[in-house]
Amino acid sequence: MAAVVCLTVLEFECIREVTATSRHYVDRLFDPDPQKVLQGVIDMKNAVIGNNKQKANLIVLGAVPRLLYLLQQGSSSPELRTECAVVLGSLAMGTENNIKSLVDCHIIPALLQGLLYPDLIFIEACLRCLRTVFISPVTPVQLLYTDPTVIPHLMSLLSRSQRTQEYITQIFSHCCKTPEHQTVLFNYGAIQNIAPLLISPSYKVRMQALKCFSVLAYENTQVSMTLVNVLVDGELLSQVFVRMMQRDQPIEMQLTAAKCLTYMCRAGAIRTDDSCIVLKTLPCLVRMCSKERLLEERVEGAETLAYLMEPDVELQRIASTTDHLVAMLADYFKYPSSVSAITDIKRLDHDLKHAHELRQAAFKLYASLGSNDEDIRKKITETENMMDRIVSGLSESSIKVRLAAVRCLHSLSRSVQQLRTSFHDHAVWKPLMKLLQNAPDEVLVMASSTLCNLLLEFSPSKEPILESGVIELLCSLTQSDSPALRVNGIWALMNMAFQADQKVKVEIVRSLGTEQLFRLLSDPDTNVLMKTLGLLRNLLSTRPHIDQIMSSHGKQIMQAVTLILEGEHSIEVKEQTLCILANIADGNTAKELIMTNDDMLQKIKYYMGHSNVKLQLAATFCISNLIWNEEDGSQERQDKLREMGFVDILHKLTQASDPNLSDRAKTAMQQYLA
């Protein structure tokens, strides 16, 4: 016990000693002799290099405000100001807490102010320190944009030296996080100022300029369209990027150039069938996925490739047959293996901590590859243990992996074949249901989209999902604030109600509640409204179901139909509503709700004479169902509708130019002649 106490005392003495020497460094900054202050700053610079403890001590003891004061003081010599900037840069190289302390002391405005001095060595020291501060994740990037004179001044400093070029482009690429930032940089001439740096003799400058273009072009049509026409030393920028992707270039450069071309392509500035995409960018990104590459290169390569081909089936087909990509991705799940070639212990430790990023990237790329083509989906599901891996991914601790796994599952669930085979064999619905119980919205949206596909009538998973009590869960999604979740909740219920037995339909109506159903029918989101109408249409199919639902909820349903037909809605919404009316007209007792509602009959008449053929067809279908001969009371209904002028309209419609409409009108007219 005594030994432990001695050790603690010893430690305490060490701390006191470090603090005492640190105090000595700070005290020297206040010396009245400028020469001694300069020597004190130089000694402090040498003391803090590589010594995080010393850095933290100096910050705690108040060195930063004094250094900033000296840096901004007009009477300080250029050498003193420069040395102060160097020490501040060194302090910034420590921990995130150090950076927070520096930012809290207003280091950024002080350094930006320093850039107005003419002395180049001082400017470079300020920029180096600013670069270190801005690349830290804890620094608010908005601080670069607070003063509108800063960006144009930084642009003007780009021509001063290779160092200013390297630091400024690095600051830009780290501080360009939003479309607004892209616009500010674009408007102040980032493209024309940075483009010449791509052929700088300095690799660091070329690399930072390239990174700058990748963040400027990301999801930005204006920037991408401008980049396509830029010439660098007489050569098109896209060709400069292609050269940078050559195999003899450093990997970092190849990958970043591929990202630039990917973003330009996705923004619509380069066609997906352009040779620089098909023959250069895509193969380069596939190369990045090979097991020879470092973990972060494989992650970035796979994620960029997934983004490049996401909307384009042809690129997906090309990628799926390039370098055995589908099989190559399977290695992402086995890394690092026990027989890993990594001998560097530090590297192995890093990769073990980040192995989940590989799985996430693989799922993303599989999702993108399989989003359209049936053969590719088959290839993916037949890859060793693929479905088991997805199922495991759905319950991983990393939220990003769970999201990527469910995205992959969603992509594969678009296949009828896979729904009937792999999905059923692996009871995928179970982990999916578990995921739906408690997940952030982003995951919920993707998981509920997948569930919609699993509830299609040809999916063998539909029955077990129904038995698991999913209806309550889906009804709760329809009450979400997120339109995407409301759509998916109602969409899944719509799929569930399709050709369902009466028990299921009654349970849906009971769980959802008429109040919520009618709230959804007045939802501001058109997708929600369309899917709710689809649900209602599926609920009101087969006569016994129509009659039962209309006997208990007829009044409200007719009210909702009236509101939609009278409202400002799209043709699609009104067509779907008229189709619901046609289903009601097909009921035995339900049709009386239309026949006794003259206002509704007038609306049908109006839509039979509408300029849009789809609406005319749907309205004519309603009348056809109301006057059908073989049903009780058909004579009375026919007489009433004749009196209201429907026969004249039908007669006119038999001459319609649209063959479907004229056939439908002729079929209805035959009911009068029979």
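Computed quantities for the displayed model
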{"item": "About the Cα centre, charge dipole magnitude for the range 63-208 (Lys/Arg +1, Asp/Glu -1 at Cβ), debye", "result": "240 debye"}
{"item": "Per residue value of the accessible surface for the chain (all protein chains in place, 1.4 Å probe), Å²", "result": "46 Å²"}
{"item": "Given K177/K204; K259/K364; K211/K346; K100/K400, the pairs whose alpha carbons are separated by over 25 Å", "result": "K211/K346; K100/K400"}
{"item": "Lys/Arg +1, Asp/Glu -1 at C-beta; the chain dipole; positive extreme among S173, Q222, A330", "result": "S173"}
{"item": "Accessible carbon and sulfur surface of the range 1-139 relative to its total accessible area, %, 1.4 Å", "result": "61 percent"}
{"item": "Burial order of peptide ranges 57-64, 222-229 (average beta-carbon count within 10 Å, highest first)", "result": "57-64, 222-229"}
{"item": "Length-normalised contact order for the chain - Cα pairs under 8 Å, 6+ apart - percent", "result": "5 percent"}
{"item": "Burial ranking of peptide ranges 477-490, 110-123, 166-179 (average Cβ count within 10 Å, highest at the top)", "result": "166-179, 477-490, 110-123"}
{"item": "Value at 222 nm in deg cm²/dmol, rounded to 500, when DSSP H runs of n ≥ 4 in the chain each add -39,500 (n - 2.57)", "result": "-21500 deg cm²/dmol"}
{"item": "Among 381-387, 36-42, 633-639, 260-266, the order from most to least packed when residues are scored by Cβ within 10 Å on average", "result": "260-266, 36-42, 381-387, 633-639"}
{"item": "Two-site label geometry, H350 and K53: point separation in nm, points 7 Å out along Cα→Cβ", "result": "2.6 nm"}
{"item": "The range 519-573, dipole about Cα centre (Lys/Arg Cβ +1, Asp/Glu Cβ -1), debye to the nearest 20", "result": "280 debye"}
{"item": "Separation in nanometres of the label points that stand 7 Å from Cα toward Cβ, at E442 and A427", "result": "3.1 nm"}
{"item": "Inter-part distance where the range 458-525 and the range 187-203 are each reduced to a Cα centre, Å", "result": "55 Å"}
{"item": "Global form of the range 562-673, assessed from the alpha-carbon gyration tensor, a/c cut-off 1.5", "result": "oblate"}
{"item": "All lysines inside 25 Å of K36 as judged from Cα atoms, apart from same-chain residues fewer than 8 positions distant", "result": "K45, K53, K55"}
{"item": "Low-density loop cleavage sites - GluC sites (Glu not before Pro) in the range 197-300, where at most 16 other Cβ are within 10 Å (DSSP)", "result": "E219, E292"}
{"item": "Gyration tensor verdict on the range 518-617 (Cα atoms; rounded if a/c is under 1.5, prolate if a/b is larger than b/c, oblate otherwise)", "result": "oblate"}
{"item": "Dipole axis of the range 1-139 (+1 Lys, Arg; -1 Asp, Glu on Cβ), positive-most option in T132, C84, A20", "result": "T132"}
{"item": "Separation of alpha-carbon centers, the range 342-415 and the range 571-638, rounded to whole Å", "result": "51 Å"}
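The values are calculated or read from the model by the stated rules, or taken from the named source; none is laboratory data. None of these values were measured; they are calculated from a predicted model. All Cβ positions, even for glycine, are placed from backbone atoms using ideal geometry, and neighbour counts span all protein chains on display. Note: areas computed on protein heavy atoms with side chains; ligands, DNA, RNA excluded. Shrake-Rupley method; radii C 1.70, N 1.55, O 1.52, S 1.80 Å.
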